[in-house]
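Accompanying notes for the structure given below.
The values are calculated or read from the model by the stated rules, or taken from the named source; none is laboratory data. As the structure is a prediction and not an experimental result, all values here were calculated from the model. Methodologically, a virtual Cβ is constructed for each residue, glycine included, from the backbone with ideal geometry; neighbour enumeration extends over all protein chains shown. Accessible surface areas use protein heavy atoms only, side chains included; no ligands, DNA or RNA. Shrake-Rupley method; radii C 1.70, N 1.55, O 1.52, S 1.80 Å.
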Amino acid sequence: SFFKACRHKDEQTLISCHVGEGLNTTECLENKCCPSKTIHELKCYMPFKDNLQLTFRLLVLVAAGFFILGCLPFCCCAFLQRSQCVNPLRRANNEVEQTVWKKRARSKDIYGLLLD
């Protein structure tokens, strides 16, 4: 039903819905058939294959797929750039960390001597 349409042209013949002819609008839609909006001999008929609608929907699906595939590398790079396990610049450097701890320990010792 994704590629079917209920719009019919005058030259198209209406085919009765496979579940029955005397259905109301709700029953007709529940059975994936088209209810008649104007006065026809059939109140519930089978949908038509609409090539224009088929082309348009396929074009939209393909464009959406290309858009998602185009955005995927940017999203992955942005996510991986913030990750510490992948980006080495985000990891703590052991030498720098040890130097910072040593300076903190010295400053605490000097600060403690000044207070005494």
### Sole residue being aliphatic (A, V, I, L, M), surrounded by 10 or more Cβ atoms within 10 Å (Cβ to Cβ) and modelled with pLDDT of 85 or more, chosen from L80, L72
L72
### Task
Output the residues belonging to the range 37-55 that are under 16 Å from D10 (Cα atoms) and at pLDDT 75 or above.
Y45, M46, P47, F48, K49, D50
### Task
Considering every residue within the range 75-83, establish whether at least one is outside the structural domain of C6 (by the TED database), outside any helix (DSSP H, G or I) and not β-branched (V, I, T).
yes
#### Entry: Failed criterion for G20 (all others in (1) modelled with pLDDT under 80; (2) open to solvent by less than 70 Å² (accessible area, probe 1.4 Å); (3) over 16 Å from K4 (Cα atoms); (4) not in a loop (DSSP other than H, G, I, E, B) hold)
(4)
### Summary
Over the range 47-56, the set of residues open to solvent by 60 Å² or more (accessible area, probe 1.4 Å), part of a helix (DSSP H, G or I) and within 26 Å of H18 (Cα to Cα) is N51, L52
### Task
Scan the range 86-105 and report the pairs whose first residue is closer than 30 Å to C76 by Cα and whose second residue is modelled with pLDDT of 75 or more and assigned to a helix (DSSP H, G or I), with Cβ atoms within less than 6 Å and a gap of 6+ or a chain change.
V86/L80; N87/Q81
### Message
Residues that are of a type outside the set (S, T, N, Q), surrounded by 10 or more Cβ atoms within 10 Å (Cβ to Cβ) and at pLDDT below 80: does the range 88-95 have at least one?
### Response
yes
